[in-house]
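Comments concern the structure below.
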């Protein structure tokens, strides 16, 4: 028994000696291998694209690792912003150079500001990182003072963050004797013609079949609403004839208020062939479900505003 125990101990000692010897031998071999690698100078990759970097690093026997990407309005997309190790440092061949690439300026979609108050429009722009540009005003028969009439760039345009959005705002009804064209869309052609004749304008009524209005209603006009009228202006009303019918389809729109800690003001604007109109405007709790039956004419979508900020547009 004692011989067997002695034999086991002897085997353990031998294995330990072999393990220690193997460890040190491995370290010696690896050290020799590393020492054999030549040192190279890290090239300057900043300002170059990936293809150029790969070619430069292959000549220096260095590797490349893309560590990340960042938005940078001053550096075009695909160009190296920074690197580690920095240029000019001596490293061993095979070393990996970590780089960060520019994604260019961050792009956002221009929100639809039309019909919003200037305060709401400014908040919408600021939230998306856009800047209110040139503000001009124009009288309007349809929109009260302080409401956005138009904008440039148009809604849905893709622009870089920090871009300017020019806004045309209503300053209310004209007070200097200027006459503007009213909006007669969807209204009685008889009333529209009577108004034009009472104001001494030359008027022409053209009846056409359409799905944009019911018989006897105006579905198009020249000049457009809010355009300036003079004594020489000729007005044309396009009126739905007897074969026309407002092709309305019954739809049901459902929307779930986004998650969060606070209640949100939700405004839903239906946009179809008849124009834009509010279908909901109220405060709802997070995750609340809003279900609204609507009648739409042609292609339609719902514009969603949360706390007076344009969030998205949903096709019906």
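Just so you know, all these numbers are worked out from the coordinates, no wet-lab data involved. All values reported here derive from a predicted model rather than from experimental measurement. Neighbour counts are summed over all protein chains in view; Cβ atoms, including those assigned to glycine, are modelled from backbone coordinates with ideal geometry.
For the reader, a short list of remarks on this structure follows.
- Kirkwood Rh in Å, taken over all unlike Cα pairs in the range 248-315: 12.3 Å
- Average Cα contact separation per residue, the chain, under 8 Å, 6 or more apart, as relative contact order %: 11 percent
- Rg(Cα) / (2.2 N^0.38 Å) computed for the range 73-208, rounded to two decimals: 1.85
- Axis angle, to the nearest 10 degrees, between helix 189-198 and the longest C-alpha principal axis of the chain: 60 degrees.
- Between the range 176-200 and the range 269-316, the alpha-carbon center distance in angstrom: 30 Å
- To the nearest ten degrees, helix 50-59 and the longest principal axis of the Cα atoms of the chain are 10 degrees apart.
- Sorted by Cβ neighbour density within 10 Å, fewest at the top, the residues 114, 98: 98, 114
- Counting DSSP beta bridges with both ends in the chain, the antiparallel % (nearest 5): 75 percent
- Cβ crowding within 10 Å, taken as a proxy for footprinting-reagent exposure, orders 113, 41, 168 from fewest neighbours to most as 41, 168, 113.
- Length gained on full extension, residue 263 to residue 154, computed as 0.36 nm times the residue gap minus the Cα-Cα distance: 36.2 nm.
- Taking a quarter of the surface of the Cα convex hull of the range 107-170 gives a mean projected area of 3.6 nm².
- Every Cα-Cα pair in the chain was counted, and those over 35 Å apart are 54% of them.
- Relative contact order %, the range 107-170, counting alpha carbon pairs below 8 Å whose residues are six or more apart: 48 percent
- The Rg/Rh ratio for the range 179-240 is 0.95, where Rg is the radius of gyration of the alpha carbons and Rh is the Kirkwood radius.
- Degrees, to the nearest 10: 2-36 long Cα axis against longest axis of the chain: 60 degrees
- Globularity ratio of the range 199-289, using Cα Rg and 2.2 N^0.38 Å: 1.64
- Computed over every Cα-Cα pair of the range 139-247 and binned at 10 Å starting from 0, the pair-distance distribution P(r) comes out as 14, 34, 29, 18, 5, 0 percent.
- Label-zone membership for the range 153-183, site residue 230, 7 angstrom Cα→C-beta point, backbone N under 17 Å: 177-181
- Helical runs assigned H by DSSP (4 residues or longer) give the chain a calculated mean residue ellipticity at 222 nm of -7000 deg cm²/dmol, each run adding -39500 (n - 2.57) before division by the residue total.
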